[in-house]
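Chemist: Just passing along the structure, written as structure tokens.
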Ligand code: ADP
Ligand code: MG
């Protein structure tokens, strides 16, 4: 069992190191999407209000990037300070002068190579900064990094509210109530193969859309023209699984324009870019009969303007009474664009961590919390 930060006990005067989810898009030194930051505040406020000395640690994807823009953004919402250091003298001095309830943000943890290398000396040095660890970044819980899997072996550890929200929101997708439907789209079957294989054990139907469908068309021996495929044998292996549903109509583009065709009618000159109206309709019919629906991955190449299938699907799920769990980086972007965020039972913002969690039923960062020292 992962222990909740709610059960952390007396924290007044204690140094609590929080792995917060602060990796947000930044342009010209300014945060451009603060959705994730708002979520991070709940755990920070909870600890600060109880008198903890809160030390925030987080990462930026780019190891050379600074968290200073995030600090400037957070400063508008809560009182905190920032040091350009992770575990050196500057950080230690700043932590030493923290008063009860105060919050300090450390620099991008990936500035130190020890994070990604999962270096035990780095982890020990980090652990020496604090008395308790709170993991609140589910989006990196699939990574074997020092600040994710090693800290819980060194400090009594708890899951923060944002972490728990993802864990509790996604867990029902592991054991869906029948009749259940999983809809998986996107670009590469290779990145979704493990997930699809697991879903086939638990779900009644697995609809395969986006470019993933091309692999199945090809495995059936159909012409797919210049359409994107992944070059794995997953589709061949799964072709005869009766739970798999492949779109029967698709939108293709050729030199002469865009048209909808039956999957068996795709020509050499065509490229498949989306699922077509008839497939959306049959998907809606299955959806109406479903108790649980899991959706990840766009149905078409929206960067090229082929948004119809994805948007129609998002609306159909949002308008249904089904228990709906949706997520994925690009899927989330579509839902945000349509302003449908609050129309689903749960929307995950965990990206790759969500896919790994659904494929494996757990994550290294969850396991570490379950095994944490007390
Ligand atoms: P998510 O981030 O939600 O998990 P993915 O990253 O797996 O989704 O997939 C998103 C990508 O899939 C987008 O770049 C989109 O253009 C691409 N895609 C979807 N359908 C097609 C298609 N038919 N051909 C080429 N690319 C596609
Ligand atoms: Mg993506």
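Chemist: Here's a check for you: in the range 357-366, which residue that is away from ligand 2 (no atom under 16 Å from the Cβ) and in contact (Cβ under 8 Å) with a residue 24 or more places away in the chain is surrounded by the fewest Cβ atoms within 10 Å (Cβ to Cβ)? Before the answer, list the steps.
Modeler: The first filter runs over the range 357-366 and keeps only residues away from ligand 2 (no atom under 16 Å from the Cβ), leaving 360-366.
Within this subset, residues satisfying the condition of being in contact (Cβ under 8 Å) with a residue 24 or more places away in the chain are 360-361, 363-366.
Numbers: 360: 16, 361: 13, 363: 24, 364: 19, 365: 29, 366: 23.
Once the filter is applied, the top-ranked residue is 361.
Chemist: Go through (1) within 16 Å of ligand 1 (Cβ to nearest atom); (2) free of Cβ contacts under 8 Å to residues at least 60 places away in the same chain; (3) surrounded by 24 or more Cβ atoms within 10 Å (Cβ to Cβ) for residue 146 and report which single condition fails.
Modeler: (1)
Chemist: Can you tell me which of (1) over 24 Å from the mean Cα position of the chain (by Cα); (2) assigned to a loop (DSSP other than H, G, I, E, B); (3) closer than 15 Å to residue 150 by Cβ is the one residue 118 doesn't meet?
Modeler: Unmet for residue 118, out of (1) over 24 Å from the mean Cα position of the chain (by Cα); (2) assigned to a loop (DSSP other than H, G, I, E, B); (3) closer than 15 Å to residue 150 by Cβ: (1).
Chemist: Could you check how many residues of the range 121-143 are surrounded by 22 or more Cβ atoms within 10 Å (Cβ to Cβ) and part of a loop (DSSP other than H, G, I, E, B)?
Modeler: 5
Chemist: Residue by residue through the range 337-346, note down the ones that are in contact (Cβ under 8 Å) with a residue 12 or more places away in the chain and out of contact with any helix residue (DSSP H, G or I) (no Cβ under 6 Å at 6 or more places or on another chain).
Modeler: 344, 345
Chemist: Being more than 25 Å from residue 356 (Cβ to Cβ), within 16 Å of ligand 2 (Cβ to nearest atom) and buried (at least 16 other Cβ atoms within 10 Å of the Cβ), is that true of even one residue in the range 294-307?
Modeler: yes
Chemist: For the range 153-228, please list each of the strands (runs of 3 or more DSSP E) lying entirely inside it that holds at least 2 residues being at pLDDT 95 or above and within 16 Å of ligand 2 (Cβ to nearest atom).
Modeler: Here the list reads 180-184.
Chemist: For the range 308-334, which residues satisfy the criterion of being within 10 Å of ligand 1 (Cβ to nearest atom) and within 23 Å of residue 250 (Cβ to Cβ)? Reasoning before the result, please.
Modeler: So the first thing to find is which residues in the range 308-334 are within 10 Å of ligand 1 (Cβ to nearest atom), and the list is 309-310, 326-334.
Once the filter is applied, which keeps residues that are within 10 Å of ligand 1 (Cβ to nearest atom) and within 23 Å of residue 250 (Cβ to Cβ), the range 308-334 yields 309, 310, 326, 328, 330, 331, 333, 334.
Chemist: Still on this structure, please answer the following. So which residues in the range 253-285 are modelled with pLDDT under 95 and either in contact with a strand residue (DSSP E or B) (Cβ under 7 Å, 6 or more places away or on another chain) or within 16 Å of ligand 2 (Cβ to nearest atom) (or both), if there are any at all?
Modeler: none
Chemist: Taking the range 229-246 only, how many residues are closer than 18 Å to residue 199 by Cβ, more than 16 Å from ligand 2 (Cβ to nearest atom), in contact with a helix residue (DSSP H, G or I) (Cβ under 7 Å, 6 or more places away or on another chain) and part of a loop (DSSP other than H, G, I, E, B)?
Modeler: Counting residues in the range 229-246 that are closer than 18 Å to residue 199 by Cβ, more than 16 Å from ligand 2 (Cβ to nearest atom), in contact with a helix residue (DSSP H, G or I) (Cβ under 7 Å, 6 or more places away or on another chain) and part of a loop (DSSP other than H, G, I, E, B) gives 5.
Chemist: Select from the range 323-356 the residues that are assigned to a strand (DSSP E or B) and within 21 Å of residue 303 (Cα to Cα) and write down the one among them that is nearest to ligand 2 (Cβ to nearest atom). Talk me through it step by step, then tell me what you get.
Modeler: Filtering the range 323-356 down to residues assigned to a strand (DSSP E or B) leaves 323-327, 346-348.
Still in the list and also within 21 Å of residue 303 (Cα to Cα): 326-327.
Numbers: 326: 13, 327: 11 Å.
By that ranking, first place goes to 327.
Chemist: A further question on this structure: Of (1) assigned to a helix (DSSP H, G or I); (2) within 19 Å of residue 21 (Cβ to Cβ), residue 94 satisfies all except one. Which?
Modeler: Condition not satisfied by residue 94: (2).
Chemist: In the range 335-348, which residues are within 11 Å of ligand 1 (Cβ to nearest atom) and either at pLDDT below 95 or surrounded by fewer than 18 Cβ atoms within 10 Å (Cβ to Cβ) (or both)?
Modeler: The one that is within 11 Å of ligand 1 (Cβ to nearest atom) and either at pLDDT below 95 or surrounded by fewer than 18 Cβ atoms within 10 Å (Cβ to Cβ) (or both): 335.
The values are calculated or read from the model by the stated rules, or taken from the named source; none is laboratory data. Everything numeric in this text was worked out from a predicted model, so none of it was measured. Neighbour counts run over all protein chains shown; Cβ positions are idealised from the backbone, glycine included.
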